[in-house]
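Worksheet: one structure, shown below.
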Amino acid sequence: MADAHHAAHDDHGHGEHHVHPQSHYVKVWGALMVLFFISVLGPMIGIKIVTLITAFGIAIVKASMVVKYFMHLDVEKRIVHYFLAISLAFMFLFFFAVAPDVMNHEGRNWKNVAAQHAVEAGLAAGDGHGGHGGGHEGGEAPAHEAGEAPAHEGGEH
Amino acid sequence: MSEAHQIDGHHGHDAHGHHEPTFLEKYIFPLDHKYIGMQYMLTGMVMALFGGFFAYSFRMQLAFPGISVPGFGIVSPTEYNALVTNHGSVMIFWVAMPVLIAAFGNFLIPLMIGADDMVFPKLNRLSYQVFLLSCIVLGISWIVPGGGFGGAWTSYPPLSANGDYSMTPLGSSLWLTAVALEFAAFLIGGINFITTAMNSRAPGMKAKDVPMTVWMICIASIMFMASVGPLIAGAIMLLFDQQLGTGFFDWKRGSDPVLWQHLFWFFGHPEVYVVLLPATGFVAEIITVFARKKLFGYQTILYTAIGTGALSFFVWAHHQFVAGIDPRMANIFTITTVLISIPIAEMMFLYIATLYGGSIRFQTPMLWALGFIFEFLIGGVTGIFLGASGADIYFHDTYFVVAHFHYTFFPIAFIGTFAAATYWFPKMFGRMMNETLGRIHFWGTIIPVNFIFIPLFITGAAGQHRRIYNYNHFPDVSTPDLQTLNIVATVSLVILLCFQTVFLFNFFWSMWRGPKAPANPWKANTLEWQAPSPPPHGNFPPDNMPVVYRGPYEYSVPGREDDYWPQNQPN
Amino acid sequence: MIESLVQPGSTFAPDIDFVINLVGGLVFFWGGLTVAMFFWLLWRYRYREGVKALYVTGNEPELKRWINIPHYLIILCDLAIIGFAVQTWYKVKQDIPPVDDEIRVVGQQWAWTFQHTGPDGKMGTDDDIKTADVLHVEVDKTYQFTLESRDVLHSFSVPIFRLKQDVIPGREIQGWFHPTVAGAFDIQCAEMCGIGHGIMAARIIVETPEQHAAWLAGAK
Amino acid sequence: MAFKPIATTRSATGILTAKLAVWWLLASEVVIFGGVLASYIMHRIGHPEWANYASHTNTMFGAINTMILLTSSLSAVLAHRAAELKDGKQAANLLLATVGGGAAFLCVKSIEWTGEINHGFTITANGFWSFYYTAAGIHGLHVIAGMILMIWVSMSARKNEELHRVELVGIYWHFVDLVWIFLFPLLYIAK
């Protein structure tokens, strides 16, 4: 059974595709490691845009290398590309349709007061607590403030 | 049934070197796709009884507020909410999904594409077992202290996220767990369906030779897979909110309850089409067989199905027009929502056009298929009121919405199922159902259903909102006229439920006592009818698997003596 | 259709009723035509001894025309529906006209609290009037409302105004209405909000200027 | 056990049935992780204060784990290569090496999490930490599932049976790696 399977596998999956030498994969791995170090070192420059590019730009490059060379999507049938692309596209659709409501805290005729409070309180507390342990309080404190703020406001009127 | 199975049972088995399976192997832990399909169907039927009983209980409360409902007792507000919530979730997740997709998908896909089984029989069995587990978890959620979850099937936080608000801390977590398990079951099952249909078609069967049912179930499975992910993620997040005290949807910590609505409806709307498409597939098979006609525009119907499926991913926020999303977004979603009427109207037109020039025989399956088209048309056109944002401001969350989606879901989940069950019954059990009882059941269902939901259109238009257990607190909508309409709806529901016993009797009586069915009682073309009734394990003789020569709908071809032409007949 | 069941009580109610009637008319026409065609075909092509069915693939231009022409017309109808629906939506939800007065609506499990501006017409001052489950407004004045929730989702629904807007905790959502008919009407909660969802009722009392003045005087 | 339907051996698309199923599985995983990550990114951009909370994550642990996973992906792909050359024994050993990578990943993760929880950064601390534990936790479950699958596949591969499964489990493992490639900058680097 196993043999019959493997034959089918060779015919269809990798018929035209020869077995790569070991060094091919090691080279890819080496490139991935280099990219990885750049992505770790990038933020140390301290410029935000550089961080974003080195972090996410390189993540995309690394991902595409893994997909291409390790998962062998490059020699896979077209249809697989299509349905993976569709899944991914739906996630972008989801993000861009939901972001106007959830990412923004203000829009036409509405304001997300609770989230705005959380942002303000969090930023204020975050500046005061640089320390490792202090960060915890920095995290807890705004939660309470934000929770009480709108209720408090409601009671006031 | 069992004798017939044993007689035919020889073909398939020797090839696999199998011993005769024991009762346990055959019926409780089967690997055979047909038995897994029947397990799904019977489980779905049991769940439908629960769903129907819930509907009966809360409809009685609405028609006769405060009475002790026979068989249930007095319906308290907590119980009312739990009944409404669980009626919705049971009927969609535990009846429509398992019966339409899992039961018929399992039974039909391998038979229709000329394969001996699903590609992964063990995954198939696992899928059913996970599903059964989800049923059990759901059942437990009804009886835990505090009662079943009552936050509506949409389960919007903060009500669902916090036991202090919902007062059913256990019930809501169990309900959510059951839903997540159910999704896992259908993800496993769906991958199996798609892979089977893509890879295991009989030699010679090209894309245009695949029966519409297989296409529809596959498109539905793909849509389910592509849409359910965010909700699985959301269910984990909501479960953490309930049990660990995280704040994913907690406004007090700056997060946003609206996010859940998006996660839910991103799945929830495609889900409607996930259950719709298989039902339209069954209807396509049945109207062609009983009108002895080729499907009018096979390719166009396929494109409309794909178009509907794709477009349904772009319309979800019409459930949220007045739910606090940015009003500017509503305009985009109005456009996409109204445009979805283009492919789905085309599909219905093509089905009706298929009847043109036919030789229509009104047997029970055909009656159900025609009933589907008629009822679904009403459901479809009333949806336009809700998709048009300007009109939805008024109709949102009224009984108009309830009537609308029952006019779509009832044809899908019940009429579609009855059509398929009566049509494929001879293949499933090797016996014929009783035609007279079938007709009595048909008319006893199709007439009351209109008398349930047409009154609800009116009460909704008059301003009665959903999920309210007693209208006494709302003077404008507790008028005697509206109450009369509610009583009409409830009485019709009771009549409808009574007529279902005819079906249950016919189903189980025919299973053992019905006349023996020939292999192809309806003279149909598709491959499942070329196998014996019921098909043995392996479906077709392993040394003589079917080869396909033509499309599935070659009826009444000029120049042929027979008015049908099976797909696997060389000439 | 709707006017005969619930009278229109705000300036935008007729607009919403118009969209409903437009959709209703189109739907009735096309739905009726389709159903009539459906039953005619069923009767015309019923089984008769010795009559064989036609072999039609669906690609014949002379037959496809019967599908395509209605289909194009339906697309036109769709565009009309979209146009009027979006226009009405813009008027009701997106655009807030110049307002005469303000109210603040707070939902909680399971009651509504309404805050009126009081005699000075300004929100947030000492003479604000707070009421539970009764909202007093004056006929022929434009009101801007702000919705807030203390706990879970609610929905502020006034069928007579054709107005509905969900209330989301943590958010302030604004809208408007302009009553045109005096009288007392229902306010309903239209979003599942827990056990007491069914009792979360309130009344809106639309008063003539004299009645409203009297109420203001009495409330002080 | 030996029963295998004829259906499984057919291949109308030209893709091995089991491989097609793995791709579909990954397509469904994309939307599951996509849902979590889309929700996270929305909040992260909408809440600038989360940068403060994120500054307490330990980039070093994240970096070590990234290296471990990238390297385990290498051994997974080398196992696939060995399987293509019909060298079941080597494939099995390389798979076990990959399992070792997964185990190392989980060890680092547990050390990291223990430290963070001891500092009070629990899952309920705030929104960022909720997402941090949830996203990494779901990913961690996939790592565990992958390890179990690889042990199972390596047992049959050692006997030169079902060698095609080496590639399948490899594809799955690369996907797990892929998710981490995005989680690493999202949770650790962007501060």
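Regarding D:Ala83, is this residue out of contact with any Ser or Thr (no Cβ under 7 Å at 6 or more places or on another chain) and on the phi < 0 side of the Ramachandran plot? Full working, then the answer.
Values: out of contact with any Ser or Thr (no Cβ under 7 Å at 6 or more places or on another chain): yes; on the phi < 0 side of the Ramachandran plot: yes.
Spelling it out, D:Ala83 is indeed out of contact with any Ser or Thr (no Cβ under 7 Å at 6 or more places or on another chain) and on the phi < 0 side of the Ramachandran plot.
Assess whether D:Glu167 counts as being at the interface with another protein chain (Cβ under 9 Å from one of its Cβ atoms) and assigned to a helix (DSSP H, G or I).
Answer is yes for this residue.
Does B:Thr445 satisfy being among the β-branched types (Val, Ile, Thr), within 25 Å of C:Met192 (Cα to Cα) and assigned to a helix (DSSP H, G or I)? Give the derivation first.
Values: among the β-branched types (Val, Ile, Thr): yes; within 25 Å of C:Met192 (Cα to Cα): no; assigned to a helix (DSSP H, G or I): yes.
For B:Thr445, the condition - among the β-branched types (Val, Ile, Thr), within 25 Å of C:Met192 (Cα to Cα) and assigned to a helix (DSSP H, G or I) - is not met.
Count, please, the residues in segment B:430-442 that happen to be surrounded by 23 or more Cβ atoms within 10 Å (Cβ to Cβ) and not in a helix (DSSP H, G or I).
2
Looking at segment B:83-131, which of the residues that are among the hydroxyl-bearing types (Ser, Thr, Tyr) and away from chain D (no Cβ under 14 Å) is farthest from B:Asn199 (Cα to Cα)?
Here the residue is B:Thr85.
Results for (1) touching a helix residue (DSSP H, G or I) at 6+ places or on another chain (Cβ under 9 Å); (2) closer than 17 Å to C:Phe12 by Cα, shown as yes or no for each residue.
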position: C:Ile103; (1), (2): no, no
position: C:Thr113; (1), (2): yes, no
position: C:Lys122; (1), (2): no, no
position: C:Asp127; (1), (2): no, no
position: C:Val134; (1), (2): no, no
position: C:Tyr143; (1), (2): no, yes
position: C:Pro169; (1), (2): yes, no
position: C:Thr180; (1), (2): yes, yes
position: C:Asp186; (1), (2): yes, no
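Looking only at segment B:296-329, how many residues end up being away from chain C (no Cβ under 13 Å) and farther than 14 Å from B:Gly387 by Cβ?
Of the residues in that region, 5 qualify.
One residue is enough: does segment B:331-339 have a residue meeting the conditions within 30 Å of A:His105 (Cα to Cα), more than 7 Å from chain C (Cβ to nearest Cβ) and of a type in the set (Phe, Trp, Tyr)?
yes
Applying the selection to segment C:172-191, what residues are part of a strand (DSSP E or B), facing another protein chain (nearest Cβ under 7 Å) and closer than 30 Å to B:Tyr469 by Cβ?
C:Ile173, C:Gly175, C:Phe185, C:Asp186, C:Gln188
When you scan segment C:140-157, do you find a residue that is of a type in the set (D, E, K, R) and in contact with a Cys (Cβ under 9 Å, 6 or more places away or on another chain), even just one?
Looking for residues that are of a type in the set (D, E, K, R) and in contact with a Cys (Cβ under 9 Å, 6 or more places away or on another chain), one finds at least one in segment C:140-157, hence yes.
Is it the case that segment D:130-139 has a residue that's facing chain A (nearest Cβ under 10 Å), over 18 Å from the mean Cα position of the chain (by Cα) and buried (at least 19 other Cβ atoms within 10 Å of the Cβ)?
No, because not a single residue in segment D:130-139 is facing chain A (nearest Cβ under 10 Å), over 18 Å from the mean Cα position of the chain (by Cα) and buried (at least 19 other Cβ atoms within 10 Å of the Cβ).
Which residues, counting only those in segment B:157-194, are surrounded by fewer than 24 Cβ atoms within 10 Å (Cβ to Cβ) and outside any helix (DSSP H, G or I)?
B:Asn162, B:Met167 - these are the residues of segment B:157-194 that are surrounded by fewer than 24 Cβ atoms within 10 Å (Cβ to Cβ) and outside any helix (DSSP H, G or I).
Among the residues of segment B:484-511 satisfying the criterion of being in contact (Cβ under 8 Å) with a residue 60 or more places away in the chain and of a type outside the set (A, V, I, L, M, F, W, C), which is farthest from B:Trp424 (Cα to Cα)?
Residue satisfying both the conditions and the ranking: B:Asn486.
Looking only at residues in segment B:230-284 that are in a loop (DSSP other than H, G, I, E, B) and of a type in the set (Phe, Trp, Tyr), which one is farthest from the other protein chains (Cβ to nearest Cβ)? Talk me through it step by step, then tell me what you get.
Looking only at segment B:230-284, we keep the residues that are in a loop (DSSP other than H, G, I, E, B), and these are B:244-250, B:254-256.
So of that shortlist, the ones also of a type in the set (Phe, Trp, Tyr) come out as B:248-249.
Numbers: B:Phe248: 6, B:Phe249: 10 Å.
Going through the qualifying residues, I end up with B:Phe249.
Restricting attention to segment C:71-82, report how many residues are more than 7 Å from every other protein chain (Cβ to nearest Cβ) and within 15 Å of B:Met348 (Cα to Cα).
Residues meeting the conditions: 1.
Among the residues of segment C:1-27, count how many are within 16 Å of C:Pro159 (Cα to Cα) and either free of Cβ contacts under 8 Å to residues at least 40 places away in the same chain or not in a helix (DSSP H, G or I) (or both).
Looking only at that region, the number is 14.
Do we have any residue at all in segment B:395-408 that's free of Cβ contacts under 8 Å to residues at least 40 places away in the same chain, farther than 20 Å from B:His87 by Cβ and over 17 Å from the mean Cα position of the chain (by Cα)?
no
Could you tell me how many of the residues in segment B:458-507 are outside any helix (DSSP H, G or I) and touching a helix residue (DSSP H, G or I) at 6+ places or on another chain (Cβ under 7 Å)? So that I can check it myself, show each step before the final result.
Step one: filter segment B:458-507 for residues outside any helix (DSSP H, G or I), giving B:462-470, B:474, B:478-479.
If we keep only those that are touching a helix residue (DSSP H, G or I) at 6+ places or on another chain (Cβ under 7 Å) too, we end up with B:462-464, B:466-470, B:478.
Adding up the residues that qualify gives 9.
Residue-by-condition table, conditions (1) at the interface with chain B (Cβ under 9 Å from one of its Cβ atoms); (2) under 30 Å from B:His537 (Cα atoms); (3) surrounded by fewer than 23 Cβ atoms within 10 Å (Cβ to Cβ):
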position: D:Lys4; (1), (2), (3): yes, yes, yes
position: D:Ile15; (1), (2), (3): yes, yes, yes
position: D:Val36; (1), (2), (3): yes, no, no
position: D:Trp50; (1), (2), (3): no, no, no
position: D:Tyr53; (1), (2), (3): no, no, no
position: D:Thr59; (1), (2), (3): no, no, yes
position: D:Ala63; (1), (2), (3): no, no, yes
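How many residues are part of a helix (DSSP H, G or I) and at the interface with chain B (Cβ under 7 Å from one of its Cβ atoms) when one looks only at segment C:31-65?
Adding up the residues that qualify gives 7.
Looking only at segment C:91-127, which residues are part of a loop (DSSP other than H, G, I, E, B) and crowded, with 17+ Cβ neighbours inside 10 Å?
Taking segment C:91-127 first, the residues part of a loop (DSSP other than H, G, I, E, B) are C:95-100, C:109-110, C:117-127.
Hits for segment C:91-127 are C:Gln109, C:Trp110, C:Thr117, C:Gly118, C:Met123.
Test B:Thr195 against the criterion of being within 11 Å of chain D (Cβ to nearest Cβ), hydroxyl-bearing (Ser, Thr, Tyr) and touching a helix residue (DSSP H, G or I) at 6+ places or on another chain (Cβ under 8 Å), and give yes or no.
Values: within 11 Å of chain D (Cβ to nearest Cβ): yes; hydroxyl-bearing (Ser, Thr, Tyr): yes; touching a helix residue (DSSP H, G or I) at 6+ places or on another chain (Cβ under 8 Å): yes.
Considered against the rule, which asks whether it is within 11 Å of chain D (Cβ to nearest Cβ), hydroxyl-bearing (Ser, Thr, Tyr) and touching a helix residue (DSSP H, G or I) at 6+ places or on another chain (Cβ under 8 Å), B:Thr195 comes out as yes.
Does segment D:163-179 contain at least one residue that is closer than 20 Å to D:Cys107 by Cα, surrounded by fewer than 18 Cβ atoms within 10 Å (Cβ to Cβ) and touching a helix residue (DSSP H, G or I) at 6+ places or on another chain (Cβ under 8 Å)?
No, segment D:163-179 contains no residue that is closer than 20 Å to D:Cys107 by Cα, surrounded by fewer than 18 Cβ atoms within 10 Å (Cβ to Cβ) and touching a helix residue (DSSP H, G or I) at 6+ places or on another chain (Cβ under 8 Å).
Quick check on C:Tyr55: is it among the hydroxyl-bearing types (Ser, Thr, Tyr), within 30 Å of B:Val557 (Cβ to Cβ) and not assigned by TED's automatic domain parsing to the domain that holds C:Val206?
Yes, satisfied.
Could you tell me whether D:His119 is modelled with pLDDT under 95, crowded, with 18+ Cβ neighbours inside 10 Å, farther than 19 Å from D:Tyr172 by Cβ and not aromatic (Phe, Trp, Tyr)?
no
The values are calculated or read from the model by the stated rules, or taken from the named source; none is laboratory data. Every value quoted in this text rests on a predicted model; they were computed, and no experiment measured them. Using ideal geometry, Cβ is built from the backbone for each residue, glycine included, and neighbour counts are taken over all protein chains shown.
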